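Following: one structure in structure tokens, then a few remarks.
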Amino acid sequence: MRKSLLFLALLFAVNTVMAQSTPLDCRQYIDSIEFVDSLLMAGNSMQADSLLDQLAAEKEINACPLAGARLQFVTAFAKDLRGQWLDAFLDYQIALDLFQKVPDDDRDYWQAMVLRYIAILEGNKGEYYSQVKYARQSVDIFEKEGDEYNLYTSAISLANGYRYIGQIELAKETLLRARAYFLRERDTYKDGVCAYNLADLYYRQDSMLQAKAYLSDAIQQYRAVNSSFGQARAYNLLGAIHYTAQQYDLATPYFDTSLQYAREVNDPRLELDAFFNLSKIAIARSDIKEAREQYQLAIQVFNRSGKSILDETYLDFLNKSINALEEERKKRVFQITSASSVFLSCLLLGFIYIIRLRNKRKLLERDQQQFRLSMMHELETSKKNEEIAELKKQKLEKEKTATDLEQKLRLSQEKSILDQAKLQKEAIEKLSHEVHNEIAGRIWFLNERLKTAIDKLDKDQVDLTVFIEIISELDKVKDVARNVDQLLERQDFNWLVLIRNLFHDIKRAIEVPKVSFSTQGINGKLPLEVPIGLGISLYQIINNCTYNALKHANAEQINCQLNIWKNELSVLIEDDGCGFDPKIVHEGSGLKIVKKLVDNAAGVLNVNSGDKGTVIAITIPLII
């Protein structure tokens, strides 16, 4: 209601100004012309035409070259919107000549604007080389003036011309550059125009997925600015995409939506496009009645618009298609009628033939009965022979099965003996590794403690407790060697305690490095999910990694985390040593031993080493 009152107020103001007895100055004329232009853009063509007639009747307007040229331009634009393309083209040319006479400040801008609209008009007429020519001139002028907004607006028409003359890549590049500019400037409507033209370009290249993607952007942008004209075009193209894919049920609602928006802006061209496409769907479905109804609606729009929107061939083609469909239906009815007559004749002949066959069949059944009796006797004899043969076969299979079972049992026993021997060998190897690592570790502790003791002797700081600890460590080395046999017999030793004792010994032996050991998912108890063999392997892995960090990497801080989560055990060992190259692994090195232990446990080893330290991550699956 508020918009209607505002429009009436503006209309009254223009009429009041034009009714004055004194001549209008150029500014008043130009304001009136701009108001008419806004009416045309809003779809109020009747009010705009009325005001144009009043302005054209003003003789004083010719005294202002800019106002006269712009009036001619707006008049041509109004005819262009009504589809009077020939008259519009001539008026555009007159406007172009009139703008030659305006001052330099306005001349180039308005000439470029007229050239843009001439280019669009040429595109509507199908004169695409002329469209490229005029659009190129418009772009060049705006580029010279440094007017980027109008430059890229004219570039849209230029890209459409490129598309239809086969320069597809150039059209894509032009549209993408224009869209990038309008996105940057946040011009939602022009961004939607670019997205729509890109969708139309990909549609004509049969790239339906890309066409739908751009079309979705276009609809979203048109909807944001409430552009019924843009949405009418976009939904019409979306319906055409589904029509091309023969998805008629999906295409119809889009054409109906396009028709609704076309009626909102009172654009006969868009209405005709919708009716034309709905008629094509009806033709594709062989629905003559629906196709004829859509055709009649299209004729009404065509007549209402003054019969100057399109060539009559546009609708003639539709009429011919419907007539061809009707002729095809008539032929089909005739073919069905002829086929029915032939069918009835064949049915009668078939009935006669069936009677004859029935008589022959009775004779054949009598002969077959006699033959069947003789065959039954032979089959019974053959069946008895087959049963005897089957019994013999089953006896032989049972004997063979017994022999195979006996052989499999013998092989199984032999394999069991070999497996036990293999397990014993692996247990011995594991124990030898454990003994080697434990004794080596204790000796290294003794070595470090001796170094510390010697340093204190040099400084005259004799501490007898150090030597007592060394003697204690020697006793432990003896205990490790003495308890090897006991480890073979024990099945319940706690490997987790061994690992904790390992870190306790390191802290006690060396004062500088900071070492820590933590667990998660264990709660201080020995997890039942971890077999004894895997526990020994974990102890050897952590022992090797820890001593390598102390002896070779000169690490001052070592952190070890042991976690159990669901059916997976993970070990993370971090140090701040000098690092090494994991790709270079020497024979007999600690890393190679660790890798072998992890592989034997079907685990995964990841090593990341550099100047700032080393991180060793191990993951081992638990089989419950």
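The values are calculated or read from the model by the stated rules, or taken from the named source; none is laboratory data. Bear in mind the structure is a predicted one, so any value in this text is a computation, not a measurement. Here the Cβ positions follow ideal geometry from the backbone for every residue, glycine too, while neighbour counts run over all protein chains shown. For accessibility, only protein heavy atoms count, side chains too; no ligands or nucleic acids. Shrake-Rupley method; radii C 1.70, N 1.55, O 1.52, S 1.80 Å.
Pick from GLY192, GLY166, GLY161: which is on the phi > 0 side of the Ramachandran plot and either exposed (fewer than 15 other Cβ atoms within 10 Å of the Cβ) or not hydroxyl-bearing (Ser, Thr, Tyr) (or both)?
GLY166
Out of LEU176, LEU170, LEU183, LEU98, report the one residue that is of a type in the set (A, V, I, L, M) and either outside any helix (DSSP H, G or I) or within 26 Å of ALA67 (Cβ to Cβ) (or both).
Just a single option satisfies the conditions, and that option is LEU98.
Being more than 20 Å from ASN124 (Cα to Cα) and without any contact (Cβ under 8 Å) to a residue 12 or more places away in the chain is the filter here, so list the residues in the range 147-169 that pass it.
GLU169
Taking the range 508-521 as the search range and keeping residues that are at pLDDT 75 or above and not hydroxyl-bearing (Ser, Thr, Tyr), which one is surrounded by the fewest Cβ atoms within 10 Å (Cβ to Cβ)?
This residue is LYS514.
Is it the case that LEU237 is at pLDDT below 90, in contact with a Phe, Trp or Tyr (Cβ under 9 Å, 6 or more places away or on another chain) and assigned to a helix (DSSP H, G or I)?
When the stated conditions are applied, LEU237 does not pass them.
Out of curiosity, is TYR117 in contact (Cβ under 8 Å) with a residue 40 or more places away in the chain, open to solvent by 30 Å² or more (accessible area, probe 1.4 Å) and either in contact with a His (Cβ under 9 Å, 6 or more places away or on another chain) or part of a helix (DSSP H, G or I) (or both)?
For TYR117, the condition - in contact (Cβ under 8 Å) with a residue 40 or more places away in the chain, open to solvent by 30 Å² or more (accessible area, probe 1.4 Å) and either in contact with a His (Cβ under 9 Å, 6 or more places away or on another chain) or part of a helix (DSSP H, G or I) (or both) - is met.
With respect to the numbered conditions (1) open to solvent by 70 Å² or more (accessible area, probe 1.4 Å); (2) in a helix (DSSP H, G or I); (3) in contact with a helix residue (DSSP H, G or I) (Cβ under 7 Å, 6 or more places away or on another chain), which one is the sole condition not fulfilled by GLU34?
Every condition holds for GLU34 apart from (3).
Pick out the one residue from ALA76, ALA88 that is touching a residue at least 24 places away in the same chain (Cβ under 8 Å) and closer than 20 Å to THR153 by Cα.
Unique residue meeting the criteria: ALA76.
Evaluate the following for ASP576: is it touching a Gly at 6+ places or on another chain (Cβ under 7 Å) and modelled with pLDDT of 75 or more?
Here the answer is yes, as ASP576 does meet what is asked.
If we keep just the residues of the range 221-244 that are in contact (Cβ under 8 Å) with a residue 24 or more places away in the chain and farther than 26 Å from LEU81 by Cβ, which is surrounded by the fewest Cβ atoms within 10 Å (Cβ to Cβ)?
THR244
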